[in-house]
């Protein structure tokens, strides 16, 4: 997906390209093919950050990538820590996928567009649950429907029911599952992504024509999503944003 995956292993410190990527994701232009999706995610994540904030809360972004939402959480007084492989995070995820953090050490675990790239869900979600305090929350988003995008791998997509099951079966109670972008809009966005890929290859004018096409398609998708019934969007979303709590041991 163009600009909407925060993937374990993304590079944060190599050069200014990642900083530009983070800014584009947190403040996308309407000429970006995934503008409507990123706009919806930004709004939903900001609302959650405001609701879940509390003095001194600690959040770890598990697979932080370019950290596009770090400011969203620090702006409401949450202490943000990015975790990724190598030197790409404030703390380094171990090679086996575990976090060098103590048990029950975090109030929030953040996971944005990572889960579809994770090979071992048991380890990833087990670590998320381990580091959460009993009254903590995990905010996690992942794809319902989207193009194949390996970074470096891409393993799965979810239905609403399937995602809730996979989280529940690994020790979480899912409190909310918010759909972002319904089927009318995301099919338009998919076509726009394909058009942009071809148009950018045109000499001299390719980028401008691709941006114009994306703008028109985004406005169409905006209208399509506005008229899509919530019952349809609920089970046919492009992305699901979930809030979960660790389940108490029996």
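Considering only the range 223-250, state which residues are part of a helix (DSSP H, G or I), within 20 Å of the chain's Cα centre (by Cα) and buried (at least 18 other Cβ atoms within 10 Å of the Cβ). Correct list: 225, 233.
Within the range 117-127, how many residues turn out to be without any contact (Cβ under 8 Å) to a residue 60 or more places away in the chain and either part of a loop (DSSP other than H, G, I, E, B) or crowded, with 24+ Cβ neighbours inside 10 Å (or both)?
3
Can you find a residue that is in contact with a helix residue (DSSP H, G or I) (Cβ under 6 Å, 6 or more places away or on another chain) and assigned to a helix (DSSP H, G or I) anywhere in the range 172-181? No, that holds for no residue. For first residues located in the range 61-87 and within 18 Å of residue 24 (Cβ to Cβ), partners that are modelled with pLDDT of 95 or more and surrounded by fewer than 20 Cβ atoms within 10 Å (Cβ to Cβ) and lie 6+ apart or on another chain with Cβ distances below 6 Å form the pairs 72/46.
Inspect all residues belonging to the range 96-106 and state whether any of them is crowded, with 23+ Cβ neighbours inside 10 Å and assigned to a strand (DSSP E or B). Checked the range 96-106: at least one residue is crowded, with 23+ Cβ neighbours inside 10 Å and assigned to a strand (DSSP E or B).
Within the range 129-151, the set of residues being in contact (Cβ under 8 Å) with a residue 12 or more places away in the chain, within 16 Å of the chain's Cα centre (by Cα) and outside any strand (DSSP E or B) comprises 144, 145, 146, 147, 149, 150, 151. Residues considered: 143, 155, 165. Of these, the only one that is out of contact with any helix residue (DSSP H, G or I) (no Cβ under 9 Å at 6 or more places or on another chain) and modelled with pLDDT of 95 or more is 165.
Taking residue 23 as the residue in question, decide whether it is more than 27 Å from residue 172 (Cα to Cα), modelled with pLDDT under 95 and surrounded by fewer than 22 Cβ atoms within 10 Å (Cβ to Cβ). Show your work before the answer.
Working: more than 27 Å from residue 172 (Cα to Cα): yes; modelled with pLDDT under 95: yes; surrounded by fewer than 22 Cβ atoms within 10 Å (Cβ to Cβ): yes.
Considered against the rule, which asks whether it is more than 27 Å from residue 172 (Cα to Cα), modelled with pLDDT under 95 and surrounded by fewer than 22 Cβ atoms within 10 Å (Cβ to Cβ), residue 23 comes out as yes.
Here is a yes/no grid of residues against (1) out of contact with any strand residue (DSSP E or B) (no Cβ under 9 Å at 6 or more places or on another chain); (2) under 19 Å from residue 24 (Cα atoms):
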site: 167; (1), (2): no, no
site: 173; (1), (2): no, no
site: 179; (1), (2): no, no
site: 196; (1), (2): yes, yes
site: 201; (1), (2): yes, no
site: 214; (1), (2): yes, yes
site: 223; (1), (2): yes, no
site: 245; (1), (2): no, no
site: 248; (1), (2): no, no
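The values are calculated or read from the model by the stated rules, or taken from the named source; none is laboratory data. Just so it is clear, the model here is predicted, and its values are computed rather than measured. Neighbour counts are summed over all protein chains in view; Cβ atoms, including those assigned to glycine, are modelled from backbone coordinates with ideal geometry.
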